[in-house]
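Shown next, in structure tokens, is the structure this report addresses.
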Amino acid sequence: ILSGLFGIPGAFQGDRFDYRLVGNYRFSDAFMVYASLSTGFKGGGVNPRPFVSDQALPFNPETLTTYEVGFKADLWDRRLRLNGAAFFNSYSNIILGKQICPESSLPSPCLRPENIGSADVQGLELEVQFFPVEGLPVDGSIAVLDYLNPVDWQCGADPL
């Protein structure tokens, strides 16, 4: 329990168990595939330094579940390396700071952590390293992301 602005109490309690599972298979010394599943979180709580009473509200933990599959390949006597991955991240209870200053107040620290909903992020990544001659590496990468956030929410002065 926190005693913040003018003795307004706020409370939050929680616990969390997270894990990571990974499996891989080597077809040869030069080619491997893998898959992983993991979870994570950002802790919930109560704003420890409220400036206005509306900031003393508790918020839940943000949680994440990730899935990834990919490959790693060394080709042409290890002169060409290719790494590729596809992933899907599912976020729940995303925590962002919301401006809650009273209309008549002067500028002040009026952000309140708040759970805004869920979002999914998925994408592909490809990395290439090429060694055409000794001492001359050439590399590059590309990534494609697709993001879906079905929540219409105002953060500060600009809507998300």
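Below is a table of values for the structure above.
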item: Single unsatisfied condition, GLN55 versus (1) of a type in the set (S, T, N, Q); (2) without any contact (Cβ under 8 Å) to a residue 12 or more places away in the chain; (3) not in a strand (DSSP E or B); result: (2)
item: Among residues of segment 47-63, those that are hydrophobic (A, V, I, L, M, F, W, C), under 24 Å from the mean Cα position of the chain (by Cα) and surrounded by fewer than 19 Cβ atoms within 10 Å (Cβ to Cβ), counted; result: 1
item: Single unsatisfied condition, PRO113 versus (1) in a strand (DSSP E or B); (2) under 29 Å from SER141 (Cβ atoms); result: (2)
item: Flag if PRO48 is more than 24 Å from GLN129 (Cα to Cα), in contact with a Phe, Trp or Tyr (Cβ under 7 Å, 6 or more places away or on another chain), in contact (Cβ under 8 Å) with a residue 40 or more places away in the chain and not in a strand (DSSP E or B); result: no
item: Residue match in segment 129-149 (condition: modelled with pLDDT under 85 and in contact with a strand residue (DSSP E or B) (Cβ under 8 Å, 6 or more places away or on another chain)); result: yes
item: Criterion violated by SER90 - all others in (1) in contact with a Ser or Thr (Cβ under 7 Å, 6 or more places away or on another chain); (2) at pLDDT below 95; (3) polar (S, T, N, Q) satisfied; result: (2)
item: Test result for GLY40, more than 29 Å from VAL138 (Cα to Cα) and part of a loop (DSSP other than H, G, I, E, B); result: no
item: Single residue of segment 1-26 satisfying the filter (modelled with pLDDT of 80 or more and assigned to a strand (DSSP E or B)) that is farthest from the chain's Cα centre (by Cα); result: ARG26
item: Total residues in segment 77-98, condition touching a Gly at 6+ places or on another chain (Cβ under 8 Å), touching a residue at least 40 places away in the same chain (Cβ under 8 Å) and under 23 Å from MET32 (Cα atoms); result: 3
item: Qualifying positions in segment 67-100 - basic (Lys, Arg), part of a strand (DSSP E or B) and closer than 17 Å to PHE31 by Cβ; result: LYS72, ARG81
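Here's the yes/no breakdown for (1) crowded, with 16+ Cβ neighbours inside 10 Å; (2) under 29 Å from ASP18 (Cα atoms); (3) modelled with pLDDT of 95 or more; (4) touching a His at 6+ places or on another chain (Cβ under 7 Å):
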| position | (1), (2), (3), (4) |
| --- | --- |
| SER28 | no, no, yes, no |
| LEU37 | no, yes, yes, no |
| LYS72 | yes, yes, yes, no |
| PRO102 | no, no, no, no |
| PRO107 | no, no, no, no |
| LEU124 | no, yes, yes, no |
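The values are calculated or read from the model by the stated rules, or taken from the named source; none is laboratory data. Small disclaimer: the values here were computed from a predicted structure and weren't measured. Counting neighbours? That spans all protein chains shown, and the Cβs are built from the backbone with ideal geometry, glycine included.
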